[in-house]
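FYI, it's all coordinate maths here, none of it is from the lab. This is a predicted model, so every value here is computed, not measured. Note: ideal-geometry Cβ built from the backbone for every residue, glycine included; neighbour counts use all protein chains shown.
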Amino acid sequence: MNRLLLENARLLTLASGGENRLPRRGDALQDLGVIEKGWVLVQQDRIEAVGRGAPPDAEGTTTTRMDVEGRVLMPGMVDCHTHACWAGSRFDEFDEKLRGASYLQILAGGGGIMSTVRAVREATVETLTANLLHQVERMARLGTTTVEVKTGYGLTTDDELKMLEAIVAADGLIEPTLIPTFLGAHAIDPENEHFIEQTINETLPAVVAAHPGIACDAYCEEGAWSLDACRRLFEEAQSLGCPLRVHTDQFNSLGATRLAIEAGALSVDHLEASTVADLQALAHSETIGVLLPVSGYHLGEGYASGRALVDLGAAIAVATNFNPGSAPTPSLPFAIHLAVNHCRLTPAEAITAATWNAACVLGLQDEIGSIEVGKRADLVILDTDDERSLAWEFAMPGPRQVLIGGRPHDMTPLGG
């Protein structure tokens with residue numbers, strides 16, 4: 001029986017230490033479950049044992065030993081909000097931005113999301129799959145082992161289903177786990193006067209028929225989906241058994257945060273323009289606030305009040321929002337850096353937000369997000385003995401080693 005023993009590590013277990021499998025809040029966000037000198041035993045793709053000090057002898061087994069040499073060994077990072085499936089590029093719009101155009105101005109002019117929509121509609125499933133594989137490989141090199149991937153660049157029934165086909169195909173060809181989300185309510189197609197009704201009454205049911213239980217997301221913003229349109233979408237989505245998520249308060253607070261909370265949404269994402277009342281409502285709810293600081297960095301439009309959310313008692317996660325327009329980076333470590341330096345989280349809070357709490361957003365906290373017996377052996381060895389460097393440093397090489405399902409990640413798609 002082949003096993004892998006990782007020893008002499010500074011372990012960040014993120015272990016819950018009990019039956020509480022909920023997202024962490026307040027002081028619990030600081031608890032990384034550190035074992036100063038520990039070991040992890042992996043059998044096949046699962047964590048078999050975790051301990052401190054010298055590991056026990058593994059008699060009667062074939063065990064490969066890996067000396068971590070005092071480096072940080074932590075759970076694989078979980079990117080719970082991405083738009084990593086796309087075609088085309090937005091370099092021309094970057095030039096417009098440099099000349100002073102805002103994100104909403106570019107969107108109103110037919111660019112932004114709609115630019116990528118046109119490219120995705122022209123692309124084949126094979127092209128989208130290949131593009132997604134490339135993006136996820138880049139993320140894996142940097143320590144991300146689970147990736148949520150949204151649709152939303154199709155905006156027709158056939159093209160949204162095409163995106164989902166590409167996401168599922170890529171998931172079967174690569175080691176990181178991919179979790180699809182339906183974002184048919186990403187923008188308003190200006191060429192379809194019945195777009196909202198079609199999305200709610202045709203596209204959503206077709207997607208759920210093909211992918212039962214898929215989460216339904218929406219972008220509530222000026223120039224995109226209105227509060228009333230989101231309400232109608234959410235009512236239909238809930239009737240079909242979909243968990244809810246929403247892009248809210250990126251540039252304007254339109255009421256979607258409180259709408260989502262009232263509807264029992266899994267998460268509200270962005271929150272850069274949230275009011276104090278929005279933050280207080282979120283803190284007193286079960287909904288998780290997902291911080292996307294890369295957008296604030298790239299667009300120059302500000303950051304979510306992460307410190308206020310934590311101090312109010314909210315559950316938070318951190319993600320990249322990886323996309324070709326407003327957040328063009330695959331680096332969750334960079335998002336952690338920004339969450340600490342601009343959203344004012346502590347390094348420990350940001351690490352918890354990008355592992356355990358991010359897994360909670362996806363409903364996967366019993367499978368990933370911590371180093372515990374029975375969980376999938378998605379592990380990252382940092383090239384440091386102090387996890388605070390993950391928030392302090394930026395634009396650095398990736399981890400020393402990434403293991404996905406107990407295997408060192410070879411940075412190429414399976415069969416590729």
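Structural remarks
- Its Cα gyration tensor gives the chain an equivalent ellipsoid, and the semi-axes of that ellipsoid, as √(5λ) in whole Å with the largest first, are 35, 23, 20.
- Diffusion constant of segment 195-306 at 25 °C, which comes from Stokes-Einstein with the Kirkwood Cα-pair radius and 0.890 mPa s, µm²/s: 172
- Protection-proxy order for peptides 349-360, 397-408, 204-215, 139-150, each taking the mean of Cβ atoms within 10 Å per residue, highest first: 349-360, 139-150, 397-408, 204-215
- Neighbour-count order for THR156, THR116, fewest beta carbons within 10 angstrom listed first: THR156, THR116
- Rounded to the nearest whole Hz, the Karplus-based 3J(HN,Hα) values (6.51 cos²θ - 1.76 cosθ + 1.60, θ = phi - 60°) of segment 225-242 follow the sequence 7, 6, 4, 5, 5, 5, 4, 5, 4, 5, 4, 5, 4, 5, 5, 9, x, 8, with x at glycine and proline.
- Charge sum, other residues only, whose C-beta stays under 11 Å from GLY152's C-beta, Lys/Arg counted +1 and Asp/Glu -1: -2
- Amide H contacts of CYS220 (H built 1.01 Å from N, in plane; Pro and chain starts excluded): HIS247 sit under 5 Å, all sequence-distant by 5 or more or on other chains.
- Within the same chain, lysines fewer than 8 places from LYS375 are excluded, and of the rest, those with a Cα less than 30 Å from its Cα are LYS37, LYS150.
- Long-range HN-HN contacts of VAL318 with modeled amide H, under 5 Å: LEU291, ALA354, ALA358
- MRE, 222 nm, helices only [DSSP H, n ≥ 4, -39500 (n - 2.57), over the chain, to nearest 500]: -9000 deg cm²/dmol
- Sorting the segments 377-389, 185-197 by their residues' average number of neighbouring beta-carbon atoms within 10 angstrom, most packed first, yields 377-389, 185-197.
- A cut-off under 13 angstrom between Cβ atoms defines the neighbours of ALA263, and their net charge, with Lys, Arg +1 and Asp, Glu -1, is -1.
- Of all DSSP bridge pairs formed entirely within the chain, close to 40 percent run antiparallel.
- Pair HIS194, GLU222: separation of 7 Å Cα→Cβ label points (nm): 3.1
- Amide H contacts under 5 Å for ASP383: ARG400, restricted to partners 5 or more places along the chain or on a different chain, H placed in the peptide plane at 1.01 Å from N.
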